[in-house]
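The values are calculated or read from the model by the stated rules, or taken from the named source; none is laboratory data. Computed from a predicted model, the values in this text were never measured in an experiment. Here the Cβ positions follow ideal geometry from the backbone for every residue, glycine too, while neighbour counts run over all protein chains shown. Calculation scope for accessible area: heavy atoms of the full protein, side chains included, ligands and nucleic acids excluded. Shrake-Rupley method; radii C 1.70, N 1.55, O 1.52, S 1.80 Å.
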Amino acid sequence: MIEAASGVSAVRKFVARPVQSVSGALTVPGDKSISHRSLMLAGIAEGESEVSGFLASEDCLATLTAMRALGVPIDRLSPTLVRIRGVGLHGLRDAGRALDMGNAGTAMRLFTGLLAAQSFDSQLIGDASLMKRPMERVAKPLRGMGADVRTRNGTPPVDIGGGRTLHGIDYAMPVASAQVKSAILLAALYADAATTVTAPAVSRDHSERMLESCGVRLDIDGLKVTLHPPQALANQRLTVPGDFSSAAFFIVAGLLGAAPAGLTIRNVGLNPTRTGLLEILRSMGGYIEVLNERDSGAEPVADLVIRASELRGVEVPPALVPLAIDELPVLFIAAACAAGETVVTGAEELRVKESDRIAAMSAGLAALGAAHVVLPDGMRIQGRSTGSAFTGGDIDSCGDHRIAMSFAVASLRARDAIAIRDVANVATSFPGFVGLARSVGLDVCEAPA
């Protein structure tokens, strides 16, 4: 039986009014990708782990709730400080119910890999949006390892049969995907031999970094990763850096309208598999200064200083698209404010995110009078670098947090207010977005739907 998926808070809207500039300093919440993985790996490690800087978003809290349901004791010492008492590789237990991932696609795909090797049956469900998202890209390679993973016409619920012996495989991913790679690596922890995953292009490597920090042997050769099954995972103390994808909204805001002193974003994770947006914006003429570079555990972090810049359109190199896939919606906003044309192709993955982000961004750009052409795998955007790049208007975010926050940033170059509907899911990745935006000068407020 499929249990009803839990929903997020009541639907409401944002109203973003034009302002002249943004300024000051801020720290964005912890990285979502790392927060998910920290709970899972600490949960199957030996001994006690502590995670500070944890992202207390609805997505990550869905992972926390699921790990508790699987028998892992987790204490939240504060909203962003979590203590996990690991149960070991073979200590998870049957939750006795479907595990609700809410809106978290990362959680559903990674849990599919983790649960494929357990002795008990599991079922993964989610909210209405997640129940439409593709899961066969994970299920297929796991079945190749011997797992019993079933979907409904390629989408959730995901049913996982327990008690299967998993085998090491050599898998070539057809599309670069950190979620698919991570799911396979989690299952490979339990396999009877080494597993190799080869990607066609660079994708996020948070899982590899964290697995190595837990003592797992990985052989990494370019785009090829081989995991050797461990006897146990070591516990760890981890500080989660600020989420680059969350910082992206303020990076673009600073380029579009920072006051002379600039806008400073502190403690941002700068994992090189995540920072394609920085390269793209710099190629467009964006002023982004990286200061105080340091390491936070296995992850590089730094402070960023952003200054208002005259942007110019570019053709985005295909190699940078996977490294900026989650930041492309706000890049489209920057492109609409740049001189000349910006072209993004090779981004068909945007079609199967929390919404069809190409369609959702196109509808919003059209509503605000921004000239563009939709492509099957991206977009051509004709920018306007002087005056108002956008009219005011009414935007449907399609329940997608990144669409909603991108159009809030667009208010910096809008003639009139922008109303953004269906924004409840902003809490899935960026709790406190409105307050933080207002603290640096954006005029964004919540209003009744």
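Of the residues making up region 281-302, those that are more than 17 Å from Gly242 (Cβ to Cβ), in contact with a Ser or Thr (Cβ under 9 Å, 6 or more places away or on another chain), outside any loop (DSSP other than H, G, I, E, B) and not aromatic (Phe, Trp, Tyr) number 1. Within region 143-172, the residues that satisfy the criterion of being among the β-branched types (Val, Ile, Thr), closer than 19 Å to Asp94 by Cβ and either touching a helix residue (DSSP H, G or I) at 6+ places or on another chain (Cβ under 7 Å) or open to solvent by less than 30 Å² (accessible area, probe 1.4 Å) (or both) are Val149, Val158, Ile160.
Selection of region 346-369 for residues being part of a loop (DSSP other than H, G, I, E, B) and basic (Lys, Arg) yields only Lys353. With respect to the conditions (1) under 29 Å from Leu223 (Cβ atoms); (2) open to solvent by 20 Å² or more (accessible area, probe 1.4 Å), Asn292 falls short on a single one, namely (1).
When Ser182 is tested against (1) more than 24 Å from Arg93 (Cα to Cα); (2) at pLDDT 95 or above, exactly one condition is not met: (1). Using the structure shown, decide if Thr198 is of a type in the set (S, T, N, Q) and under 23 Å from the mean Cα position of the chain (by Cα). Considered against the rule, which asks whether it is of a type in the set (S, T, N, Q) and under 23 Å from the mean Cα position of the chain (by Cα), Thr198 comes out as yes. With respect to the conditions (1) closer than 18 Å to Leu55 by Cβ; (2) open to solvent by 10 Å² or more (accessible area, probe 1.4 Å), Asn271 lacks only one, and its number is (2). Can you work out which of the residues in region 334-350 that are open to solvent by 30 Å² or more (accessible area, probe 1.4 Å) and closer than 29 Å to Pro134 by Cα is nearest to the chain's Cα centre (by Cα)? Step by step, filter region 334-350, then rank; the result is Glu349.
Restricting attention to region 42-57, the residues being in contact (Cβ under 8 Å) with a residue 60 or more places away in the chain, open to solvent by less than 10 Å² (accessible area, probe 1.4 Å) and of a type outside the set (Phe, Trp, Tyr) number 7. Where strands (runs of 3 or more DSSP E) fall wholly inside region 58-132, the ranges with 2 or more residues that are surrounded by 20 or more Cβ atoms within 10 Å (Cβ to Cβ) and modelled with pLDDT of 95 or more are 81-87, 122-125. When Asp400 is tested against (1) open to solvent by 20 Å² or more (accessible area, probe 1.4 Å); (2) of a type in the set (Asp, Glu); (3) within 21 Å of the chain's Cα centre (by Cα), exactly one condition is not met: (1). The residue pairs whose first member lies in region 370-385 and is part of a strand (DSSP E or B), whose second member is open to solvent by less than 40 Å² (accessible area, probe 1.4 Å) and β-branched (Val, Ile, Thr), and whose beta carbons are closer than 6 Å, counting only pairs six or more residues apart or on different chains, are His372/Ile381; Gly378/Val344; Met379/Val344; Arg380/Val343; Ile381/Thr342.
Number of residues in region 312-333 that are open to solvent by 10 Å² or more (accessible area, probe 1.4 Å) and in contact with a helix residue (DSSP H, G or I) (Cβ under 6 Å, 6 or more places away or on another chain): the value is 5.
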